[in-house]
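Beneath this line is the structure, given in structure tokens, with notes to follow.
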Amino acid sequence: MIPDSRRTRRRLALIWLACLAVAFFCVAYPLYVISPFRAQGPKELAFALVVTRFRPVLTVLCAIAALAALVGYWRAQPRILWRLLAVVGTGLVVFLAVLARVNVYEALMFHHLDHPEFAAVGQAKLDNDEKVIVVKVGDVARAYPIRSMSYHHVVNDVLGGAAIAATY
């Protein structure tokens, strides 16, 4: 028979681990599914969007539950190393709750391009079926590859003496 204190510690540790797993899933799964140039099925994408919609609430609930479990675990666990591990893990759950509120795609992945580099048409290394956005001002024309634009979404450029913003 397991002593009551040990059973309490295990129960609190399982609550804490479940909170960590749910918070990690809420942040990581949409990032995995909604990645540039990654093929995804309609059901997979729909589920990732549902997770994205509800993850702020879910991760806050996980953070609250993890903090409550930490308090109980701290009282029940005599070993300082296990206590510190629980503090670090709870900090990770709280960090994931904060991260769930950040638009990671905007903050980390998609930055406007201010200084695009160009090559002459004969030197450009594009696939035959590469799609481009073409902008022409006067006699000057530029082509912005869609593949590059999908990472930046906006290219600030000067074309024919006029400032332009090409977007995709």
So which of 158, 134 ends up being over 30 Å from the mean Cα position of the chain (by Cα), under 26 Å from residue 35 (Cα atoms) and part of a strand (DSSP E or B)? 134
Going through (1) free of Cβ contacts under 8 Å to residues at least 40 places away in the same chain; (2) of a type outside the set (Asp, Glu); (3) in contact with a Lys or Arg (Cβ under 7 Å, 6 or more places away or on another chain) one by one, residue 87 fails only at (3)
Residue 10 vs. criteria charged (D, E, K, R), within 23 Å of residue 150 (Cα to Cα) and either in a helix (DSSP H, G or I) or touching a residue at least 12 places away in the same chain (Cβ under 8 Å) (or both): no
Being within 30 Å of residue 150 (Cα to Cα), hydroxyl-bearing (Ser, Thr, Tyr), outside the structural domain of residue 145 (by TED's automatic domain parsing) and without any contact (Cβ under 8 Å) to a residue 40 or more places away in the chain: is that true of residue 52 here? yes
Is it the case that region 74-92 has a residue that's polar (S, T, N, Q), assigned to a helix (DSSP H, G or I) and modelled with pLDDT under 90? no
Among the residues of region 33-49, the number that are of a type in the set (Gly, Ala, Ser) and in contact (Cβ under 8 Å) with a residue 24 or more places away in the chain is 0
Test: residue in region 15-32 that is touching a residue at least 40 places away in the same chain (Cβ under 8 Å) and touching a Gly at 6+ places or on another chain (Cβ under 7 Å): yes
If residue 2 satisfies every condition in (1) more than 24 Å from the chain's Cα centre (by Cα); (2) modelled with pLDDT of 95 or more but one, which is the exception? (2)
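The values are calculated or read from the model by the stated rules, or taken from the named source; none is laboratory data. On a predicted model such as this, the values are computed, not experimentally measured, just so you know. Here Cβ is always computed from backbone atoms with ideal geometry, including for glycine, and neighbour counts include all displayed protein chains.
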